Structure formats: C-alpha cells, structure tokens
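These notes are about the structure you will find just below.
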Amino acid sequence: GKTTLAQGFIQTASGGSTQVTSPTYLLCNTYPYLCEEGEEDTEKLIVDPKDEATEPLLIHHMDLYRLSGTPQELSPLNLPHVFQHHVSLIEWPQRMAGTTMLPKQHLTVRLNIISEGKNESSNNNEHQPRKVQLIPHGKEWEKRVQSVIPYMEDWISREEDDVS
C-alpha cells in the first residue's frame with residue numbers, strides 16, 4: 001500500500017511517464033516534480049533566497065525500514081535540505097522517532113489493512129482494502145486537509161470507534 005500510494009503521487013506529479021520503483025534497498029529514489037500544464041518551464045524550480053540559486057523541485061521517495069534511525073545513518077539522506085526545499089514521501093518514518101529532523105509542519109498518512117475477517121498476517125495483503133488516515137501536523141497542513149475534505153465526503157468515516 002505505501003509504495004502504491006507513492007507511485008500514484010509520483011506518477012501524477014512527474015507527468016505520468018516516470019517509472020517509479022520501491023527505494024527499499026537504495027533508501028531514496030528521486031524524481032522531478034513537473035509544472036502544471038500551461039506553465040513555461042517543464043520542471044518546477046526552487047529558489048534559495050540567500051544566493052538566488054535555482055534547482056529543480058524534486059520528490060524524494062525514501063524507505064527507512066532497513067535503518068535504526070540514528071542521526072549517523074540518516075545523514076547521507078541530507079534530510080534538512082530535502083525537508084526545506086523538496087517534497088518527501090517517507091515509508092517507515094517512525095525510524096526517525098529518536099531525532100529532531102522531521103519538520104514540525106508535515107502530513108502523516110497512515111494506511112491500515114481492513115481485515116474483513118481475513119488473516120492480517122498473510123503475506124499477500126496486496127489486494128486487501130486499506131483505511132487511510134490523514135493526520136496534519138501544523139496549521140498549514142490542517143488547512144490543506146480541510147480543503148480536500150469536500151472532495152472526499154463519500155469516503156470519509158465519521159465513526160469515533162472506527163480505529164484500526
């Protein structure tokens with residue numbers, strides 16, 4: 001589910017022609033974030049106000065499952081720069097729990113398998129339905145999540161005890 005969600009996001013943001021693979025063994029795969037139709041450049045650019053340098057806006061798809069989460073292990077990913085200047089999709093972000101690297105403003109997306117009486121420990125969970133939770137951290141993400149709710153009304157469960 002995690003990689004499938006990331007693949008859909010990256011395919012959409014990169015114009016649909018990018019082959020998206022799991023970063024399980026590489027830790028991080030990077031993809032261009034393309035401009036919307038009608039914009040002049042094909043890639044979105046970020047500008048560093050300090051030196052007015054530009055660089056392409058990138059999507060960093062990371063899988064931290066194989067890491068213990070120490071700052072030394074995370075250092076090669078250059079997370080402070082990635083979080084400040086790019087889009088990041090992180091599988092297994094709980095591996096960063098012992099650090100202060102995760103930005104205060106971020107969105108947590110939780111995917112839980114809906115068991116429907118099936119064995120949840122089964123290795124073939126690929127086609128089982130998922131419950132998606134969007135958990136905003138910070139006012140900007142709260143506003144963003146609120147802005148998409150009208151488009152998702154048919155999918156939203158309002159049951160208080162509906163926690164997987």
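The values are calculated or read from the model by the stated rules, or taken from the named source; none is laboratory data. Note that the structure is predicted; figures quoted are calculated from it, not measured. Because the Cβ atoms are built from the backbone with ideal geometry, glycine has one as well, and the counts that use them run over all protein chains shown. SASA here: full protein model, heavy atoms, side chains in, ligands and nucleic acids out. Shrake-Rupley method; radii C 1.70, N 1.55, O 1.52, S 1.80 Å.
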Review point. In the range 151-164, is there at least one residue being within 16 Å of the chain's Cα centre (by Cα), open to solvent by 70 Å² or more (accessible area, probe 1.4 Å) and at pLDDT 80 or above?
Key: no
Point to revise | Close pairs from the range 123-136: first in a loop (DSSP other than H, G, I, E, B), partner at pLDDT 70 or above and open to solvent by 50 Å² or more (accessible area, probe 1.4 Å), Cβ under 8 Å, at least 6 apart | key: Gln128/Ile114; Pro129/Ile114
**Study point:** Filtered residue count, the range 1-27, keeping only those that are open to solvent by 60 Å² or more (accessible area, probe 1.4 Å), of a type in the set (A, V, I, L, M, F, W, C) and under 19 Å from Pro56 (Cα atoms)
**Key:** 1
Exercise for review: May I ask you to list pairs of residues, at least six apart or on different chains, whose Cβ atoms are under 9 Å apart, with the first in the range 63-85 being among the β-branched types (Val, Ile, Thr) and the second being part of a loop (DSSP other than H, G, I, E, B)?
Suggested key: Thr70/Gly98; Thr70/Thr99
Practice item. For the range 1-100, please list each of the strands (runs of 3 or more DSSP E) lying entirely inside it that holds at least 1 residues being at pLDDT 85 or above. Key: 28-32, 58-63, 87-91
